[in-house]
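Note sheet for the following structure.
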Protein chains: 2
Amino acid sequence: MSQLRAHFRAIDNASATHDLEEVVYDHEGSLLEVFHPLAPLRERSAQDWKDLFGQRAGSMDLVERSGVWGKLEWVLPQIPREHVVTLGEGWNPLLPAPRTAARLGLSDVRLKLCGTTHTGSFKDLGMTVLVSWVNHLVCTGAKIRAVACASTGDTSAALAAYAAAAGLPAIVFLPADKVSLAQLIQPVANGAHVLALDTDFDGCMKVVQELTQDKSIYLANSKNSLRIEGQKTVSIETVQQLGWTAPDWFVIPGGNLGNVSALAKGLDLMYDLGLLSGKRPRIAVAQAAAADPLVKSFEKGLAPLEAQTARTTLASAIRIGNPVSFPKAIDALKRYEGVAESVSEDALSDAAARGDLEGFYHCPHTGVALGALEQLVAKGTIRSGESVVVISTAHGLKFSEFKTGYHEGKLAGVESRLANRVARIAPTYAAVQDELKRRLG
Amino acid sequence: MSQLRAHFRAIDNASATHDLEEVVYDHEGSLLEVFHPLAPLRERSAQDWKDLFGQRAGSMDLVERSGVWGKLEWVLPQIPREHVVTLGEGWNPLLPAPRTAARLGLSDVRLKLCGTTHTGSFKDLGMTVLVSWVNHLVCTGAKIRAVACASTGDTSAALAAYAAAAGLPAIVFLPADKVSLAQLIQPVANGAHVLALDTDFDGCMKVVQELTQDKSIYLANSKNSLRIEGQKTVSIETVQQLGWTAPDWFVIPGGNLGNVSALAKGLDLMYDLGLLSGKRPRIAVAQAAAADPLVKSFEKGLAPLEAQTARTTLASAIRIGNPVSFPKAIDALKRYEGVAESVSEDALSDAAARGDLEGFYHCPHTGVALGALEQLVAKGTIRSGESVVVISTAHGLKFSEFKTGYHEGKLAGVESRLANRVARIAPTYAAVQDELKRRLG
C-alpha cells in the first residue's frame, strides 16, 4: 500500500496547500481543511476497510480501540502511533429511544452519546488529534512551548486534559468576572495556565490570535482544522455501529458549526471509498432561536452569513452569532440535502426533559436537537417511518443548574411542563403506602 | 453445552438456596450471593471463553458489546437477551498514569475509569443486572409494581436511569432537608418517584425495608446480591484489557464494601475456570479515615466488625460506618492477601489533585484510593517494580464543589498544596507575554 499522507489545503483553493508540519491556521484568510488524497486510500477495498475497522473495535490496545485512532489512516495517517495521546475517546454508546420513535411515528431513533467520555463532551474527539499532532511535532524537534485557546467551556476542558496527559503546557484565556470558577474547574484541575483578562470574549480572542502569531504557542481554537479530523469519526463510527448503513437523518446541534462540517466530512469519505453507496442521509442542524444564523441563511436559500449578536440561551455552548465554520457547514447542507431549524428555550427544555424520562440525561444542546426533531416531524420534513440518529454533544452532568432549574420551575421563559417534584411525607409505612397508592395505583 | 443456571445461596450455608425468580434478599438474616455452578461453565475451555469474550468486545450489537452482558453466561445465564436493559455500561477505559508510576517507582499504574459511563459511576455495572432481571420477571408475569432504594447518590441515579429505560417505576427515599436537589437531580430528571421523609437516613432505610416486605416493590439497595454480578465484571474486564493477565495489586475505595467483594468474585471465577493461574493479585481497600471500620478490623487481624459512627468526609459515597458487605469483604481480603488503608481528607484531596495533573479528573473516592496507593508504597507494602490497577468509581463531574473548593483553598482540614489559581491580567499582548515568560520561561 502506498504511503498515506494528509495535508492542509484552503477550502476554496485546492492548490493552496501546506504540510501538516507547518504551524498554519489559514491561507491568506481562507479556512484550511485537512485533505486526504483518495488514490492511495482506494488501494484498500471498502470491505477491507470495514474488516480492519471491525477488528480494531475489539482490540485491547489503547490506540487501536480508540474510536478516533482505530481509524488512524483516515484521520492523521502520518503520525507514529507512539506519539498518539489517547484518553479512550470514541466508541460512545449509540442507544435507542424506542418510546420517542413510537411517539413520533419513526422507525428508529438513536442517540449518539458523545458526552459519555473522558471530559464529558464531544470535544475529546477533536482534541486527541490536535494534541497528538502537537506532541508529534514536539517529539520531532519543533519548538512549541504550549497549546492555547480562548474558551470558557468544553474546548478548554478537553484541551487541558489532553495536554496534561501529554505533559504539554496549556493556556486558557477567558474574560475576567464573566465566568465562574465552576465553569473553568476542569482546566484549572488539569493544571492549565488559566489567564483571566480584563476584557470580553472578543478581546480574549484578539489576544490569543496575536499571541499565536508566535509559532511556539499552538492555537487550539476551532479555527484549527486538525480537530475536525477527529470529530468526523462521529459519523463513521455511527455508521459502523449501524452495520455500515446510514440512517435517513442525522440531527445535530450547531453553534460554531465545526461539528456539522465534520459529520459531513466523515460521510464524504465513506461514499468516496465505497463503504456507503446509494441514498445519502440528510442532515438537520438544530440551533437555539437565540443564536440561529444558519437557520436564517437556510430560510433564504442558503444565503451568505449575516452575523448575529447571539442572545443568552440555556444551550450556552452554541451561543454563537458569527460561526467560524459557516462556509463548511453550508457546503455540508448542500451535499446532504440539509435543513436548519430554530428551537426556543421552552421547547429545548421540554425536549431534554422528555428524553430524560426514557433513561437519558440530556444536556441543553441535545435538547435543541430533540426539539428540532419534534418540530421537523410535525412539519413533515422528517417523514413517518424514517430513521434518525441524534448527536448528543455533552453529558448532562455538566449542566446540573439547567436540570435543577427546570425541575424547580425557575428557568426564564420555560414552562417546565414535565417538572418532577419531590414529595415530602411523614416517615411512616402508612403514609408511604398512601402516597404510592396514589402514584402507582 | 449444558444449560447454565445461577441461583441464590446463603453466604454461610451453601445448601440454603433460592431460585433467582424468588423475590428474596436474605436467608434467615444471612446475606445471599448469586452462585454459578462451575461444572457446566467448565465444559468450555479457558481459551474458548477468552475467544468468546474477545470476539464480543468488538461486536456492534448493544447487548454483546456491553461490558456486563458480553459476559452474560458468567453474570445471569438464564436471562433471555431480549429482556436485557443496557445503557452501554462497561468497557470503561483503563488508562495508564506513567508519571505516577515513575514517581512511585512502580512498573505500571493504570486507572480503571468506571465513572466514564451513562450515569457517571460504577453503579451502572450492577444496576443493569438488577433492572434487567426485574424486567425479565415482569415480562414473564411477576407482579412487580416498582423498584425502590434509599439513597442520596450514585445508586439512586443508576436505578432511576435504568428503570426509566425499562419503563419501570422507580422509588427513591431520602431524608427531608438533608439532601439538596442538586444531589438528587439525576433521579428527579429520570422521572423517579422521589419521596423525602421527615426522618434521617436510617429512618428511610427502615421504611424501605418495611415497604419491600410487599414483594411487589423490589429492593434495589446493596443488600440485593444481583448487583454484585454486574460489578464483578470490573475485574474480569480489567484482566481482559491487560491481555488476560492480572496486575500485582488492585487498589479500590471501600464503603459498603460490595464493590470489594465483587472485585474478588470476578477474580475467583477466572481462577476457577482457568483464565488466570499462578500468583494471585493482592487487593488494597482504601477507606476515608472518617469511615474506616474495615481498616480497624484489618489492623486487628481481620477482627469482627465494630460499627462506627461515620464522620463527614469529602468522599461522601463511602461515608459508611456499618458496611452491609463486611463479611464478604473479609473473605475477599483472605483470598487475595488483602490490606486496608486509611486516608485523611488532606491526603485524599492532594492525591486527587496530583492525579488530575496527569490528565484525569478524579472524584474524591478515587482520591482515597490514590492516597492509599502512595501510603502503601511509602510503607513498602506495595513494592518497587510492582504493577497496580486503581479502580476509579465515579466521574469527577459529579463533584464540582470538591474540585472548586480544593483549588479555592476552602475545604476544611485540607491544605490544597496543589491549588491552581486563576491569574488576572491586563488584556494586552505585552502583559500576557510577561505572564507567560514568568510561567513557561
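The values are calculated or read from the model by the stated rules, or taken from the named source; none is laboratory data. Because the structure is predicted, anything quoted here is derived from the model rather than measured. For neighbour counting, all protein chains shown are included, and Cβ atoms are generated from backbone atoms with ideal geometry for every residue, glycine included. Note: accessible area is taken over every heavy atom of the protein model, side chains too, but ligands, DNA and RNA are not part of it. Shrake-Rupley method; radii C 1.70, N 1.55, O 1.52, S 1.80 Å.
Over segment B:268-418, the ratio between the Cα radius of gyration and 2.2 N^0.38 Å evaluates to 1.09.
With contacts taken as Cα pairs under 8 Å and at least 6 residues apart, segment B:142-296 reaches a relative contact order of 20 percent.
Compute the long axis of helix B:326-335 from its Cα atoms, compare it with the longest principal axis of the Cα atoms of chain B, and write down the angle in degrees, 0 to 90, nearest 10. Compared with the principal axis, the helix lies near 80 degrees. Got a sec? Which residues of segment B:378-419 lose 20 Å² or more of accessible surface with every protein chain in place, vs. that chain alone, 1.4 Å probe? The answer is B:HIS395, B:LEU397, B:THR404, B:HIS407, B:GLU408. Nonpolar atom fraction for the protein assembly as shown, defined as the carbon and sulfur part of the 1.4 Å probe accessible area, stands at 49 percent. Can you work out the FRET efficiency for the pair B:GLU28 and A:ASP108, with r the C-beta to C-beta distance and R0 = 56 Å, to the nearest 0.05? Once rounded, the FRET efficiency stands at 0.70. Pairwise Cα distances in chain A exceed 29 Å for 46 percent of all pairs.
The loop-placed GluC sites (Glu not before Pro) in segment A:209-296, going by DSSP, include none that has at most 11 neighbouring Cβ atoms within 10 Å of its Cβ.
Full extension of the chain segment joining B:THR245 with B:LEU440 gains 66.1 nm, where the gain is 0.36 nm per residue of separation less the Cα-Cα distance. The 3J(HN,Hα) values that the Karplus relation (6.51, -1.76, 1.60; θ = phi - 60°) gives for segment A:102-107 are, in residue order, 5, 4, 8, x, 9, 6 Hz. Gly and Pro appear as x. Here B:ALA39 yields copy-to-copy label distances, from shortest upward, of 6.8 nm, the label point defined as 7 Å from Cα along Cα to C-beta. Using only Cα atoms and rounding to the nearest 10 degrees, what angle (0 to 90) does helix A:429-440 make with the longest principal axis of chain A? Taking the Cα atoms of chain A, the angle to A:429-440 is about 70 degrees. Amide hydrogen proximity for A:VAL109: with H placed 1.01 Å from N in the peptide plane, the residues at 5 or more positions away or on another chain lying under 5 Å are A:ALA97, A:ALA101, A:VAL388. Between identical copies, the spacing of B:ASP214 label points, each set 7 Å from Cα toward the C-beta atom, reads 7.0 nm from nearest to farthest. Each listed q (0.11, 0.18, 0.21 Å⁻¹) maps to a log10 I(q)/I(0) for segment A:164-235, found by the Debye formula over equal Cα scatterers with no solvent: -0.33, -0.86, -1.09. Surface burial for B against A, with a 1.4 Å probe and both sides summed, reaches about 7100 Å² of accessible area. Using C-alpha pairs below 8 Å separated by at least 6 residues, the relative contact order for chain A is 15 percent.
For B:GLU299, the accessible surface of its heavy atoms amounts to roughly 130 Å² (probe 1.4 Å, protein chains only, rounded to the nearest 10). Surface analysis of segment B:175-317 yields an accessible area of 32 Å² per residue, using protein heavy atoms and a 1.4 Å probe. Largest first, the extents of the alpha carbon coordinates of the protein assembly as shown on the three principal axes equal 79, 61, 55 Å. Note every residue of segment B:151-194 with a reduction of at least 30 square angstrom in accessible area, all protein chains present versus the isolated chain, computed with a 1.4 Å probe, or write none. Residues losing area: B:ALA164, B:LEU181, B:ILE185, B:GLN186, B:VAL188, B:ALA189, B:ASN190, B:HIS193, B:VAL194. Buried on complex formation within segment B:63-106 (loss of at least 50 square angstrom of accessible surface versus the isolated chain, 1.4 Å probe, ligands and nucleic acids ignored): B:ARG65, B:LEU95.
The relative contact order of segment B:57-98 comes to 39 percent, based on Cα pairs under 8 Å that sit 6 or more residues apart. What sits nearest the axis between copies A and B, counting only chain A Cβ atoms, is the residue and whole-Å distance A:GLY58, 1.
Between A:LEU20 and A:PHE8, the built amide H atoms are under 5 Å apart, and every one of these is 5 or more places off in sequence or on another chain.
Averaged over its residues, segment A:351-402 has an accessible area of 26 Å² per residue, based on protein heavy atoms and a 1.4 Å probe. For A:ARG319, inter-copy separations between label points set 7 Å beyond Cα along the Cβ vector come to 3.3 nm, shortest first. Rounded to the nearest angstrom and listed largest first, the equivalent-ellipsoid semi-axes of segment B:109-151 from its Cα gyration tensor are 29, 12, 7. Here each label is just a point 7 Å from Cα along the line to Cβ, and for B:ASP214 and B:ARG44 those points are 4.1 nm apart. Compared with the dominant principal axis of the Cα atoms in chain A, helix A:46-57 is inclined by about 70°.
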